[in-house]
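Values quoted throughout were computed directly from the atomic coordinates according to the rules given, and no laboratory measurement underlies them. Bear in mind that the values here come from a model prediction, so they are computed numbers and not experimental data. With ideal geometry, Cβ positions are generated from the backbone for all residues, glycine too; neighbour counts draw on all protein chains shown.
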Amino acid sequence: MIATVKRVFPWLGNVLEAIYTVGHGMFITLRTAVKTYRPDRKTFTEQFEYPELPVPVAARYRGFHRFDLTTCISCDQCAKACPVDCIYIGKEKVEGGKGFKITGYTIDYTKCMFCALCVEPCPVDCIFMGASHDLSCYSRDGCIVDFSRLPLDVAWGRSAINPTAVAQSKVITEPVHGGPNQ
Ligand code: SF4
Ligand code: SF4
């Protein structure tokens with residue numbers, strides 16, 4: 001109906017559309033506000049029992065990365081694709097052989113915006129966006145994660161990346177695993 005009015009009287013159509021849009025927005029706000037007073041409403045922790053039971057995430061959720069040090073060929077493609085330059089790759093030439101070996105693979109999560117642009121160009125599919133979303137920490141250092149110092153199951157996402165594992169990785173001086181190219 002508003003479209004018809006808009007065709008005949010554009011100014012009146014605009015006024016009606018504005019009234020309808022504001023009214024619709026207020027209705028949704030009111031409906032959500034009223035829901036909070038329902039007697040059977042459960043608290044967030046009752047619904048999800050976090051952190052014992054993780055909050056379910058969508059299949060294509062972009063959480064903290066999963067990285068497989070054993071297949072990475074240190075090609076730098078992911079770091080070059082990152083729009084905020086928050087991937088730092090340490091590598092050194094393999095003595096008497098071809099290619100490089102990884103000495104560090106650090107992502108600064110104070111800068112990362114979880115855009116997944118680093119995932120696409122990887123030629124060996126060793127970096128993905130994971131399902132972990134709760135790397136809370138008390139200092140900025142806790143947000144800087146060197147995946148090459150994490151246990152493989154944590155780095156590759158078989159167990160959740162967590163502040164304790166990240167803190168322990170800070171005292172490890174060598175990469176935890178030498179891949180096939182190292
Ligand atoms: S998700 Fe985006 S911002 Fe984060 S490391 Fe990858 S490319 Fe960079
Ligand atoms: S693009 Fe893949 S193989 Fe290349 S450095 Fe990044 S993670 Fe490693």
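Sorted ascending by nearby beta carbons within 10 Å, beginning with the fewest, THR103, THR4 become THR4, THR103. The stretch between CYS137 and LYS93 holds 12.4 nm of extra length on full extension. This uses 0.36 nm per residue minus the Cα-Cα distance.
According to the Cα gyration tensor, what semi-axes, each the square root of 5 times an eigenvalue, does the equivalent ellipsoid of the chain have, listed from largest to smallest in whole Å?
Working: eigenvalues 444, 116, 33 Å².
Equivalent ellipsoid semi-axes, largest first: 47, 24, 13 Å.
For the range 141-156, 3J(HN,Hα) computed residue by residue from phi via the Karplus equation (6.51, -1.76, 1.60; θ = phi - 60°) reads 4, x, 8, 9, 10, 9, 5, 6, 9, 7, x, 4, 5, 6, 5, 8 Hz, glycine and proline entered as x. Between helix 10-35 and the chain there is an angle of about 60 degrees, using the helix long axis and the longest principal axis of the Cα atoms.
Panel order for CYS122, CYS78, by other beta carbons found within 10 Å of each beta carbon, from fewest to most: CYS122, CYS78. Computed from backbone phi with θ = phi - 60° and the Karplus coefficients 6.51, -1.76 and 1.60, the 3J(HN,Hα) list for the range 111-127 is 10, 4, 10, 6, 8, 6, 5, 6, 6, 4, x, 5, x, 10, 6, 10, 9 Hz; x is used for glycine and proline. For the chain, averaging the sequence separation of C-alpha pairs within contact (under 8 Å, six or more residues apart) and dividing by the residue count gives a relative contact order of 22 percent. Among CYS86, CYS118, the ranking by other beta carbons within 10 Å of each residue's beta carbon, starting with the fewest, stands as CYS86, CYS118. In this Cβ point-charge picture (+1 for Lys and Arg, -1 for Asp and Glu), the range 65-169 has a dipole of about 140 debye about its Cα centre.
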